[in-house]
Structure formats: C-alpha cells, structure tokens
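Structure first, then comments.
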C-alpha cells in the first residue's frame, strides 16, 4: 500500500531535480570595441606613406644594340611613392653618360600623377653612343620636399654599342696537302669554318670557333672561309682562301 505524501505547508514536496541556474547573458560590447580599434590600426598602416617621394625606377632606353648612334633617345620611368602630385607640379630630371656632364631638364606635369603611379619621360637631349663599347648611364630626379632623397638616383645602366661584324682576312699556303689557315682583322668571334671543292657552289660547315683552321689530306683544289659575328649584329664572311694540293 502506497503511503500518501505528507503535505508540508499546504504543498506536496517535488521529487524532480531543481532547474539549473540561469547564466547571465554575455555582453559583446568590449570585444566589439577591440575589433573596431584593430581595424582602425590596419587602415592607418595601409595608408601610411611619405608626403612627397619620387624615385627613378628604371631606364628603358637606350639598350645594347648593333651600331648605336650619336643621337640616341634616353627614356626613364619615375615612380610616385608619395601623395598624388597635382597638375602643374614641377621637378627636374637628368642623365649622364660615362660620368660626364649631366643633361638636366625641367618637367611640368600636364596631368595629375597618382600615388603608386609610373611617369615615363623621354629627354629632349640625346646621348652620343657612337663609339663602340659599353656606355654607362646614370639618371636622377629631384623634387622639392622629397622625403626620401636616397631613391632619387639610378646608376649603372649599360648600353653596349656593338660594332658591325667584319669577317677579316684569311692567309695560308696556296699549294699544300696539309697546312694551317689564319684569320686576322676580324671584328667579332668565329662561329664556324666552311670549305668548298666546287668553286663555292656548295659549302660544307666545320664546327670550329678558333681563329685558325688546320687541314690535311687535301686531294682537290679547295676554297676556305670563316663566318664571324659580333654580338647581336648580322654575321659576315671572311675573305676566301684557295689551296691546291701538291
């Protein structure tokens, strides 16, 4: 027989577990303020740069070539690391060849130059690179209030004047079954030697890059020549030398 529950204070006691305590709501106000502050710092860091900072990025002309002239154009690219430069901004650019007297020219912007933009300038003055060999070109940009003048100059650009290829002259024996041919007076390097036994109708190539050619066991009258090339210039042939066997 089940005993009746005893009433306490007019209520029956409960045999269920008490409900869990209610946790206070978590506020996000502090993390939100931290997130906003962090984003603000990123924006400031991304937008930071010197107020005025113009540099010479690269010299694009002249470049090494076959037979450069006495009036070669000089072109450079400037990079704006600083604030946007408005229309009418003035600055100077210059270049010098082989550490000689600089050519200085004023520049006035015909349009705004934004931040992180490139400005291309071709000088009115030209460079005399008519003497064969390497020519060193240095360039500089100067603007008032430049915060980083250490990047205003670019030095050491090389433009090489390659002289036109010249084949030179062959000498050697005129009657021999064996001997040595020598090449003199060439401008450039020997690419290959060639010989013909049918008066130059067809030439057989010999893979040799020296200034001399040794032949032996000659049984037919043979013509010889060398092909010479200087840098990027078109190749040229030497004079032809004919040897008859004896």
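Taken together, the residues in the stretch 223-244 that are within 17 Å of residue 198 (Cβ to Cβ) and crowded, with 18+ Cβ neighbours inside 10 Å amount to 4. For the condition within 30 Å of residue 103 (Cβ to Cβ) and touching a strand residue (DSSP E or B) at 6+ places or on another chain (Cβ under 7 Å), residue 182 does not qualify.
Annotation: of all residues in the stretch 185-201 being without any contact (Cβ under 8 Å) to a residue 40 or more places away in the chain and out of contact with any strand residue (DSSP E or B) (no Cβ under 6 Å at 6 or more places or on another chain), the one that is surrounded by the most Cβ atoms within 10 Å (Cβ to Cβ) is 198.
Can you tell me which of 140, 115 is more than 17 Å from residue 162 (Cα to Cα) and not in a loop (DSSP other than H, G, I, E, B)? Steps first, please.
Values: 115 fails: not in a loop (DSSP other than H, G, I, E, B).
Just one listed residue meets the conditions, 140.
Of the residues in the stretch 111-132, none is touching a helix residue (DSSP H, G or I) at 6+ places or on another chain (Cβ under 9 Å), in the same structural domain as residue 72 (by TED's automatic domain parsing) and either surrounded by fewer than 18 Cβ atoms within 10 Å (Cβ to Cβ) or without any contact (Cβ under 8 Å) to a residue 60 or more places away in the chain (or both). If the condition is being surrounded by fewer than 20 Cβ atoms within 10 Å (Cβ to Cβ) and part of a loop (DSSP other than H, G, I, E, B), then the stretch 153-170 contributes 163, 164.
The values are calculated or read from the model by the stated rules, or taken from the named source; none is laboratory data. Just so it is clear, the structure is predicted and the values come from calculations on it, not from any experiment. Please note: Cβ atoms are built from the backbone with ideal geometry, for glycine as well, and neighbour counts cover all protein chains shown.
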